[in-house]
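Novice: After the structure tokens below, expect a handful of questions from me.
The values are calculated or read from the model by the stated rules, or taken from the named source; none is laboratory data. All figures in this text were calculated on a predicted structure; none of them were measured in a lab. Every residue, glycine among them, receives a Cβ derived from its backbone with ideal geometry; neighbour counts consider all protein chains shown.
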């Protein structure tokens, strides 16, 4: 059977999409990328992008900053333990993903640090009442160059994510700029993750099988392999390294917006057995007040009621990060 005849859904093979012509404004590129995205996001839910224009030095610098962050003393990280806004440090074995797609749920055997945009003290949302913005926590001891490097990483990926909005809109039969207003004040997040070397233990994973709540998730190559995607046949498939590529997956927010035409595929990370693993994951989010309302194909009805992205984010946080919800209430 030829490669073109293989169902991506069965093979679990994330296709590679060259977005260089799209970014260069080449004629026909928007519709070509939209066609490829539609197939990828309806069959496998994952794809690689190449020729994306993201600075490899910026990505490398973000990993240097991540190494510095996780090497900080435990007491420095403990003082910025993740808050109700999903910003700060998540210790190992604290979060439990409730989806349990690969057996009984076990705590996530990794440390993580999450942050969004830094806001200046004079901004109306700085330390305000609006959830999920303006409440970053940075640990003492993290150098200012590293903090700035992580913020530049967030900004660069957010800008790139906005370049993918047009082909996604076209793939759904919408005008190319349809999604743009929802992302003017995006609430995107970066999750730096450190997976320590784990002893062999039945059922222990770096992160168990789950789907993301994002619009899109983007992951440059981690420092070691481990990502697996669940096929429709129920097989967990390793995702290979694509030189210069960034793996992207559809999240629940986009699935909901598409009226379930696009899928959010379960995936997991194997426990690190020989070397530590670092991964800097970018979650592309719309503004917190964006209304997610099903965009239906002709002749179909909405599967989901409208919901704000803030409500959507709060639902996912309550389901998977209850320890942060509890600590905020205490």
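Novice: With the requirement that a residue be over 30 Å from residue 142 (Cα atoms) and in contact with a helix residue (DSSP H, G or I) (Cβ under 8 Å, 6 or more places away or on another chain), what does segment 44-64 give you? Working first, answer last.
Specialist: Initial filter on segment 44-64 (over 30 Å from residue 142 (Cα atoms)): 44-51.
The answer is 44, 46, 47, 50, 51.
Novice: Checking the conditions here, which among 245, 226 is in contact with a strand residue (DSSP E or B) (Cβ under 7 Å, 6 or more places away or on another chain), surrounded by 15 or more Cβ atoms within 10 Å (Cβ to Cβ), at pLDDT 95 or above and more than 29 Å from residue 131 (Cβ to Cβ)?
Specialist: Of 245, 226, the one residue that is in contact with a strand residue (DSSP E or B) (Cβ under 7 Å, 6 or more places away or on another chain), surrounded by 15 or more Cβ atoms within 10 Å (Cβ to Cβ), at pLDDT 95 or above and more than 29 Å from residue 131 (Cβ to Cβ) is 245.
Novice: Determine whether segment 250-260 contains at least one residue that is within 29 Å of residue 155 (Cβ to Cβ), modelled with pLDDT of 95 or more, outside any helix (DSSP H, G or I) and in contact with a strand residue (DSSP E or B) (Cβ under 7 Å, 6 or more places away or on another chain).
Specialist: Yes, because at least one residue in segment 250-260 is within 29 Å of residue 155 (Cβ to Cβ), modelled with pLDDT of 95 or more, outside any helix (DSSP H, G or I) and in contact with a strand residue (DSSP E or B) (Cβ under 7 Å, 6 or more places away or on another chain).
Novice: Oh, and also: Scan segment 266-281 residue by residue and report those that are under 12 Å from the mean Cα position of the chain (by Cα) and either buried (at least 23 other Cβ atoms within 10 Å of the Cβ) or over 27 Å from residue 20 (Cα atoms) (or both).
Specialist: 267, 279, 280
Novice: Still on this model: Which of the numbered conditions does residue 305 fail, given that it passes all the others? Conditions: (1) surrounded by fewer than 19 Cβ atoms within 10 Å (Cβ to Cβ); (2) touching a strand residue (DSSP E or B) at 6+ places or on another chain (Cβ under 8 Å); (3) closer than 30 Å to residue 135 by Cα.
Specialist: The one condition residue 305 does not meet is (2).
Novice: Which one is surrounded by the most Cβ atoms within 10 Å (Cβ to Cβ), of the residues in segment 232-242 that are in contact with a strand residue (DSSP E or B) (Cβ under 6 Å, 6 or more places away or on another chain) and outside any strand (DSSP E or B)?
Specialist: Among those that are in contact with a strand residue (DSSP E or B) (Cβ under 6 Å, 6 or more places away or on another chain) and outside any strand (DSSP E or B), it is 239.
Novice: Return the total of residues in segment 204-218 being closer than 19 Å to residue 194 by Cα and surrounded by 20 or more Cβ atoms within 10 Å (Cβ to Cβ).
Specialist: Matching residues across segment 204-218 total 9.
Novice: State whether the residues of segment 139-146 include one that is modelled with pLDDT of 95 or more, at positive phi, touching a helix residue (DSSP H, G or I) at 6+ places or on another chain (Cβ under 6 Å) and surrounded by fewer than 20 Cβ atoms within 10 Å (Cβ to Cβ).
Specialist: Checking segment 139-146: at least one residue is modelled with pLDDT of 95 or more, at positive phi, touching a helix residue (DSSP H, G or I) at 6+ places or on another chain (Cβ under 6 Å) and surrounded by fewer than 20 Cβ atoms within 10 Å (Cβ to Cβ).
Novice: Return the total of residues in segment 116-130 being surrounded by fewer than 21 Cβ atoms within 10 Å (Cβ to Cβ) and within 19 Å of the chain's Cα centre (by Cα).
Specialist: So the answer is 2.
Novice: Would you say residue 150 is at pLDDT 95 or above and either outside any helix (DSSP H, G or I) or in contact with a strand residue (DSSP E or B) (Cβ under 6 Å, 6 or more places away or on another chain) (or both)?
Specialist: no
Novice: Looking at 264, 318, 329, 322, which one is farther than 22 Å from residue 111 by Cβ and modelled with pLDDT under 95?
Specialist: Working: 264 fails: modelled with pLDDT under 95; 318 fails: farther than 22 Å from residue 111 by Cβ; 322 fails: farther than 22 Å from residue 111 by Cβ.
Only one candidate passes the filter, namely 329.
Novice: Output the number of the condition that residue 133 fails; it satisfies all remaining conditions of (1) in contact (Cβ under 8 Å) with a residue 40 or more places away in the chain; (2) over 22 Å from residue 85 (Cβ atoms); (3) assigned to a loop (DSSP other than H, G, I, E, B).
Specialist: Of the numbered conditions (1) in contact (Cβ under 8 Å) with a residue 40 or more places away in the chain; (2) over 22 Å from residue 85 (Cβ atoms); (3) assigned to a loop (DSSP other than H, G, I, E, B), the odd one out for residue 133 is (2).
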